[in-house]
Amino acid sequence: YLLDKSDKYDSRDVERLQQDDKWVENYLIWRHDVVDDTLKMIDESFRWRKDYTVNDLTESVLPKWLFENGALFLHGYDKEGYKLFWFKVKHHIRDPKQQLEKKKLVAFWLEHYAKRDHGKPLTVVFDMAETGISHIDLDFVQFIVNCFTDYYPNFLTKIVIFEMPWIMNAAFKIVKGWLGPDAISMLKFTNKNDVQEYISGEYLPPHMGGTDSFKYSYPPLVDDDFQTPLCENGPITSEDEHESKEEIDVDTKDTGELNEEQNLNQKKMNSIEQISKSEDTDKTEIKPKNAKKALTTFKGPLLHISPAEELYFGSKETGEKKCLIVLTNVTKNIVAFKVRTTAPEKYRVKPSNSSCEPGTSLDIIVSLHGGFAASLQDRFLIMAAEMDQSSGAGVPELIQFWKEVPRTKVMEHRLRCHVVESSKPSSLMLKENAFNVPAKTNEDLHIQLTNLLQINKRLQEQIDRCLWFQQLSVVLSLLSVTVVAFCFYLSYTQRS
């Protein structure tokens, strides 16, 4: 393919294919591990990506009215934790002159999300409320379908269609023909009564029976849930008031005290790195779909962040309410950072706005409040930017720095939440009041399992012995009764 059609591919896509195993794996999964079909799909998607200049699609190259229209955007999560890609059909009017630009808008959103969230699948929502004949555009719908079936492999979880008018039934019979058997099973036709089987009310607008007060507007770009003002340190409740006051005091300390804390954190990093290395060696092993991910490290240009993708919290039953994020400065300058969350009412982040010295590591403690439980929809955003050596790193300097730093110089990384129902994952999960307890390794778990099996074996042996003695006692008792009865019989016959 490369020899025959190298001029039809973007060299950046070819380079990524050679380096990104996950991308290759997604193509194979979507084509059921049939190599020839996979190659054809890669060829077709690569040619499409170059035709639509997907790698160069930005806000500046697309008309502003497309974003202001609000027909397409990302917002919220379904019940499985997958991002929602909304298509407000009532805002779409069929117009051949605008078709190419609208298609590029779809490509922009998909590529923007794929790069930001490492290709985690999407749930598409066709909101067809208040739609009619003028909104039917089969060519545009076919393009969206093709994006998921041909160009973005393993990128679709389901298509939720809300209140499809009866007049469009014939049109969607044609759409089913484009989808194929695998994708057809992903179609979910819903109305106000059953849409919450797939999406909880907190991410549904009122006309769909939900409570989400979100109103689309542009700018800013509605690309995630971090656009709204957030309380970075979490709420102050009566039971945590003393702790909150201490946290505020910590955030106002001078640079020298911050550096002292960072030196202490660096000592903790050694044991954490050992755990990370031992678990990274097992990354390539085949694991079940729902297996817990081993601890990994995101290697950014300014900071290395552990864990790389998910924070593990316990359910209400397991009671795990604290997690650890480790930041390592890999530059020669001070790096300022902020941590934000989509659920500020649930979490306290400590520290949430500070700096990290060159070559050092810093621990960030993320804690849940008393009555709250972590959710798959909760997200954390880590923002980082280099500071000049001459500038200070105190609270006033950091406030001024974040006001002035250009957005292009800010590194961003997102973390998802994962709820552990029963057992602990091999991650940086912390027990309350036990921050220095190292995470359990596979070897520790194996030793514990072996001990449990030995204890179980001893108990089984004791039970077997008890059963043997019980049976022996029953037999002896029967013999004794028989002997006594025989003696009575003999004495009775002698008297008679």
Every residue in the range 76-96 that is open to solvent by less than 20 Å² (accessible area, probe 1.4 Å) and more than 15 Å from the chain's Cα centre (by Cα), please.
Phe85, Trp86, Phe87, Val89, His92
Consider Phe372 carefully, then state whether it is touching a Lys or Arg at 6+ places or on another chain (Cβ under 8 Å), open to solvent by less than 10 Å² (accessible area, probe 1.4 Å), at pLDDT below 90 and not hydroxyl-bearing (Ser, Thr, Tyr).
no
Test each condition in (1) closer than 18 Å to Arg116 by Cα; (2) at pLDDT 85 or above for Gln377 and report the one that comes out false.
(2)
Does any residue in the range 9-20 that is touching a residue at least 24 places away in the same chain (Cβ under 8 Å) come within less than 6 Å, Cβ to Cβ, of a residue that is open to solvent by less than 30 Å² (accessible area, probe 1.4 Å) and aromatic (Phe, Trp, Tyr) six or more places away or on a different chain, and which pairs are these?
Tyr9/Phe46; Asp13/Phe46
Assigned by the TED database to the domain that holds Glu197 and in contact (Cβ under 8 Å) with a residue 40 or more places away in the chain, is that true of Phe155?
yes
Please go through (1) surrounded by fewer than 18 Cβ atoms within 10 Å (Cβ to Cβ); (2) assigned to a helix (DSSP H, G or I); (3) within 29 Å of the chain's Cα centre (by Cα) for Gln99 and return the number of the only condition it doesn't satisfy.
(3)
Condition test on Asp95, is it acidic (Asp, Glu) and in contact (Cβ under 8 Å) with a residue 40 or more places away in the chain?
no
Considering only the range 129-137, I want to know if a residue exists there that is in a helix (DSSP H, G or I), of a type outside the set (S, T, N, Q) and at pLDDT below 85.
yes
Given the range 1-54, what helices (runs of 4 or more DSSP H) lie entirely inside it while holding 2 or more residues that are under 15 Å from Ala114 (Cβ atoms)?
11-19, 21-30, 35-51
Kindly provide the set of residues from the range 17-43 that are open to solvent by 80 Å² or more (accessible area, probe 1.4 Å) and not β-branched (Val, Ile, Thr), ordered by number.
Gln18, Gln19, Asp21, Lys22, Glu25, His32, Asp33, Asp36, Lys40
(1) at pLDDT below 90; (2) touching a helix residue (DSSP H, G or I) at 6+ places or on another chain (Cβ under 6 Å) all hold for His32 apart from (2)
Of all residues in the range 91-115, how many are farther than 17 Å from His135 by Cβ and in contact with a strand residue (DSSP E or B) (Cβ under 7 Å, 6 or more places away or on another chain)?
2
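Results for (1) at pLDDT below 80; (2) aromatic (Phe, Trp, Tyr); (3) assigned to a helix (DSSP H, G or I); (4) in contact with a helix residue (DSSP H, G or I) (Cβ under 8 Å, 6 or more places away or on another chain), shown as yes or no for each residue.
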{"position": "His112", "(1), (2), (3), (4)": "no, no, yes, no"}
{"position": "Val124", "(1), (2), (3), (4)": "no, no, no, yes"}
{"position": "Asn146", "(1), (2), (3), (4)": "no, no, yes, yes"}
{"position": "Pro153", "(1), (2), (3), (4)": "no, no, no, yes"}
{"position": "Lys158", "(1), (2), (3), (4)": "no, no, no, no"}
{"position": "Asn169", "(1), (2), (3), (4)": "yes, no, yes, no"}
{"position": "Ile174", "(1), (2), (3), (4)": "yes, no, yes, yes"}
{"position": "Trp178", "(1), (2), (3), (4)": "yes, yes, yes, yes"}
{"position": "Lys192", "(1), (2), (3), (4)": "no, no, no, yes"}
Looking at the range 390-403, is at least one residue touching a Lys or Arg at 6+ places or on another chain (Cβ under 7 Å) and either among the basic types (Lys, Arg) or open to solvent by less than 20 Å² (accessible area, probe 1.4 Å) (or both)?
no
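The values are calculated or read from the model by the stated rules, or taken from the named source; none is laboratory data. If you're wondering where the values come from, they're calculated on a predicted model, not measured in any experiment. Quick reminder, even Gly has a Cβ in these numbers, built from the backbone with ideal geometry, and neighbours come from all protein chains shown. Protein only, heavy atoms only, side chains kept; ligands, DNA and RNA dropped before computing areas. Shrake-Rupley method; radii C 1.70, N 1.55, O 1.52, S 1.80 Å.
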